[in-house]
Amino acid sequence: MDRALFPEGLERCSFGKFALWMGFITAFFLFGLYAMLLIFAKGIVVTGLDNYFGFGLWITFDLAVIALGAGAFFTGFLKYILKIDQLKNIINLTVIVGFICYSGAMLVLTMDIGQPIRAWFGYWHPNVHSMLTEVIFCITCYCLVLVIEFVPLVLEQKQLNKIPFLHHLAHNMHVNMALFAGIGAFLSTFHQGSLGGMYGVLIGRPYAFREGFFIWPWTFFLFVLSAVGCGPIFTVLCCTFMEKLTGRKLVDFKTKALMGKIAGTMLTVYIFFKILDTWAWANNYLPSVGMTFDQMFYGVIYGKWLMFTEIILCGVVPAIMLITPSIRNNPTLLYTAGILDCIGITLNRYLFTVQAIAIPLMPFDNWQFYAPNWAEWATSGMIVAYGFLVMSLSYRYLPVFPQEKMLNK
Amino acid sequence: MKAKEFNIKWGMVIDLDKCTGCGACMTACQVENNIAPMVDSSNKLRTLSWMLVFEMSNKKPCPDAEIAYLPRPCMQCGNPACVPVCPVVATDKNEEGGIVSQIYPRCIGCRYCMAACPYHARYFNWEDPIFPKGMEKALSPSTSTRPRGVVEKCNFCHTRLQNAKDKVRMEGGNPEALPDGAYMPACSEVCPTGAITFGDLKNPEHKVHELAKSENAFRLLEKLGLAPQVYYMSKREWVRKLGDNYAATGKPGAEKKHS
């Protein structure tokens, strides 16, 4: 029925099957949409947030997807600026994943603020001293860059590309893509860093506060490194997941292993500095403000196992796996390392968001617990569903994978 | 980080040995600042209490068990954690007197300031204020109500400062040199045991000037370097020790004070 819209020479499942799949995903999307409308109508009182936990699942989700979406800017940087040509096989996917992650995060942010109608105040009344201001500006600008990077791919759709103007527009945008890749790398580096800086400047939160270089706390640099240490491998995981769903080969393993090597190298650098940073924080900074390492943790849900899981099991282990060629070149082990890596970075964002504010600093105060409720889960699920919808449409109608035809002969 | 200094520094000294935990300060604060009662206030992590009384215990069994109460307003920190983080300049510390402001029509409700404040002195308006029938007649005329979705906090009853200045102007005095007691927040005025003393910490004619220097005076979480303008005092050592973590745990840690 929609065969004429498929990418040149490629097979896709029947329209009925596709419609059923889209309907299934849309159900999740609509449930989240209902929660979102409820939140806009009644305010965030319908969530599980409170005065102790002003930040919760949404901010963790935002930070995690922005880190995982870092494959877009970093792969773009390597492909267009450092000219690693092999990455052309996966660059389109990184752009789509990045676009989904960033646009989704922005949507969550509009829900998360108490006065969504004042969201534009961030641009109109900016506080130049706030890391969040930098995040607001850079995320918006970078999302626009991702749109610019996504548009040529849409214009290359078989039928659209037959229109001469759109064909030339797509071609010229491709020619100048290095410029956007450069702008994207600059913007993305800064806001990934500023997200870390947001926590690092919290002088009243010893779990998160870090000293640093000039105006940037160490978390600024750690967040940049951790994002580029997981973003590329997250794209590989997305690709492999799509391969499992569609039953078709989409990217050759050599390219995936290269992405694993890139992520592994950055993750190794990151985890080295993360361990140094944690050591200095526990032994130098915490005692200087009269606190101990033990006071940062409590029971099971705020236990030390979280930090050890983050740094050792989901940090050191995947870093070693990804930089060791014999392990990296085994698909199962590559994906296992990738999953651990992504869990570790997500856990890092969770700890900086929730653990940091859960710690009772006044000695007579108590640990409080936070559990996201259905409205937060549903809206976060909506963003995931939105990602599935965009990705499904892109896969079906756009020439996302240049190797697909060759790999499925 | 250096605390922001002003010629006048409004501050409190709260004598914890005098505080009975009666909660009159909390009530006075709610009335003065038009804080609406919540329809369902069973979740205490959602209620608005600009002034909140904490209970402290020496954790000893009877007959040595002791209890103390600690009223916690906004600390109006000299080096506030909340001000530099606000993305839209909805909170600032730039007025003579050193009170940290909160600009409700500017606040976007991102709650970054709440995450920044270790004293939990900032509150979010989870719902629009709804005053029970008849109560609207008792609202403070000079204090604005706040809409759903913005952050608010204690401002040392700022309207009372304006009123005190106006009164002194009318009487031909200097509004920048208010006499002791001319300006007093509702909590301080209402406290039945006189536990909350308020005034200009820099003015030797104000009682707080001396009280803050008392050997029994301390500030909450002083080692974090936020330089609060609220002081506490107690003759009981265990109470003073609960003012900061290193004292409470008996682990002094490194001597190096964080810069």
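The values are calculated or read from the model by the stated rules, or taken from the named source; none is laboratory data. Because the structure is predicted, anything quoted here is derived from the model rather than measured. Every residue, glycine as well, gets a Cβ built from its backbone with ideal geometry; the counts of neighbours run over all protein chains shown.
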Residues of the range A:161-189 being within 24 Å of the chain's Cα centre (by Cα) and of a type in the set (S, T, N, Q), in sequence order, are A:S188, A:T189
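Considering only the range B:235-259, how many residues are modelled with pLDDT of 80 or more and either touching a Pro at 6+ places or on another chain (Cβ under 9 Å) or of a type in the set (S, T, Y) (or both)? First the steps, then the outcome.
The initial filter retains those residues of the range B:235-259 that are modelled with pLDDT of 80 or more, namely B:235-247.
Filter once more, so that each one left must be either touching a Pro at 6+ places or on another chain (Cβ under 9 Å) or of a type in the set (S, T, Y) (or both): B:241-247.
Going through the range B:235-259 one residue at a time, the tally reaches 7.
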A:N51 fails exactly one of (1) assigned to a loop (DSSP other than H, G, I, E, B); (2) polar (S, T, N, Q); (3) over 20 Å from B:G149 (Cβ atoms), namely (3)
Taking first residues from the range A:288-316 that are assigned by TED's automatic domain parsing to the domain that holds A:V228 and closer than 11 Å to A:Q355 by Cα and second residues anywhere that are surrounded by fewer than 18 Cβ atoms within 10 Å (Cβ to Cβ) and small (G, A, S), the pairs with Cβ under 8 Å that are 6 or more apart or on different chains are A:F297/A:G303
Review point. Mind checking whether some residue in the range A:216-228 is over 16 Å from A:F273 (Cβ atoms) and either within 19 Å of the chain's Cα centre (by Cα) or buried (at least 24 other Cβ atoms within 10 Å of the Cβ) (or both)?
Key: no
Those residues of the range B:28-59 which are more than 9 Å from chain A (Cβ to nearest Cβ), at pLDDT 95 or above, closer than 20 Å to B:A248 by Cβ and out of contact with any Gly (no Cβ under 6 Å at 6 or more places or on another chain) amount to B:L52
Restricting the range A:116-160 to residues that are within 27 Å of A:A378 (Cα to Cα) and more than 25 Å from the chain's Cα centre (by Cα), the one farthest from the other protein chains (Cβ to nearest Cβ) turns out to be A:I117
With respect to B:P87, determine if the residue is on the phi < 0 side of the Ramachandran plot, away from every other protein chain (no Cβ under 13 Å) and not polar (S, T, N, Q).
no
Filter the range A:1-17 for residues that are touching a residue at least 40 places away in the same chain (Cβ under 8 Å) and part of a helix (DSSP H, G or I); the one that is nearest to A:M242 (Cα to Cα) is A:L5
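Per-residue answers, yes or no, for (1) at pLDDT below 95; (2) within 30 Å of A:L5 (Cα to Cα); (3) buried (at least 17 other Cβ atoms within 10 Å of the Cβ); (4) of a type in the set (A, V, I, L, M, F, W, C):
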residue	(1), (2), (3), (4)
A:P372	no, no, yes, no
A:E376	no, no, yes, no
A:S380	no, no, yes, no
A:I383	no, yes, yes, yes
A:G387	no, yes, yes, no
A:V390	no, yes, yes, yes
A:M406	yes, yes, no, yes
I'd like to check something: does the range A:352-368 contain any residue that is touching a strand residue (DSSP E or B) at 6+ places or on another chain (Cβ under 7 Å) and aromatic (F, W, Y)? yes
- Can you confirm whether the range A:241-254 contains a residue that is among the polar types (S, T, N, Q), more than 14 Å from chain B (Cβ to nearest Cβ) and in contact with a Leu (Cβ under 8 Å, 6 or more places away or on another chain)? no
For the range B:138-158, the count of residues that are within 21 Å of the chain's Cα centre (by Cα) and free of Cβ contacts under 8 Å to residues at least 40 places away in the same chain equals 1
Given the conditions (1) under 30 Å from A:F15 (Cα atoms); (2) within 14 Å of chain B (Cβ to nearest Cβ), every one holds for A:A378 apart from (2)
Going residue by residue through the range B:180-188, is there one that turns out to be in contact with a Gly (Cβ under 7 Å, 6 or more places away or on another chain) and at negative phi? yes
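Residues of the range A:275-287 being in contact (Cβ under 8 Å) with a residue 60 or more places away in the chain and away from chain B (no Cβ under 14 Å), which ones?
Step one: list which residues in the range A:275-287 are in contact (Cβ under 8 Å) with a residue 60 or more places away in the chain, which gives A:277, A:281, A:285-286.
Across the range A:275-287, the qualifying residue is only A:D277.
For the range A:292-396, which helices (runs of 4 or more DSSP H) that fit wholly inside it have 1 or more residues that are closer than 25 Å to A:M111 by Cβ and of a type outside the set (K, R)?
A:331-350
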Counting only residues in the range B:78-114 that are among the small types (G, A, S) and under 17 Å from the mean Cα position of the chain (by Cα), the one nearest to B:Q162 (Cα to Cα) is identified as B:G97
When every residue in the range A:314-358 that is hydroxyl-bearing (S, T, Y) and within 30 Å of A:G204 (Cβ to Cβ) is compared, the one surrounded by the most Cβ atoms within 10 Å (Cβ to Cβ) is A:T353
By residue number, the members of the range A:24-49 that are touching a residue at least 24 places away in the same chain (Cβ under 8 Å), within 30 Å of B:Y119 (Cα to Cα) and crowded, with 19+ Cβ neighbours inside 10 Å are A:I39, A:G43, A:I44, A:T47, A:L49
Residues of the range B:4-22 being among the acidic types (D, E) and surrounded by 21 or more Cβ atoms within 10 Å (Cβ to Cβ), in sequence order, are B:D15
| Test for A:L63: is it without any contact (Cβ under 8 Å) to a residue 40 or more places away in the chain and hydrophobic (A, V, I, L, M, F, W, C) | no
Of A:L20, A:L33, A:L37, A:L63, the only residue that is among the hydrophobic types (A, V, I, L, M, F, W, C), in a helix (DSSP H, G or I) and closer than 16 Å to A:L393 by Cα is A:L20
Per the filter on the range A:128-184, residues farther than 21 Å from B:V88 by Cα and among the aromatic types (F, W, Y) are A:F150, A:F165, A:F180
- Would you check if A:C143 is within 30 Å of A:K256 (Cα to Cα), buried (at least 21 other Cβ atoms within 10 Å of the Cβ) and touching a residue at least 40 places away in the same chain (Cβ under 8 Å)? no
Can you find even one residue in the range B:60-71 that is at the interface with chain A (Cβ under 8 Å from one of its Cβ atoms), under 20 Å from A:D50 (Cα atoms) and surrounded by 20 or more Cβ atoms within 10 Å (Cβ to Cβ)? no
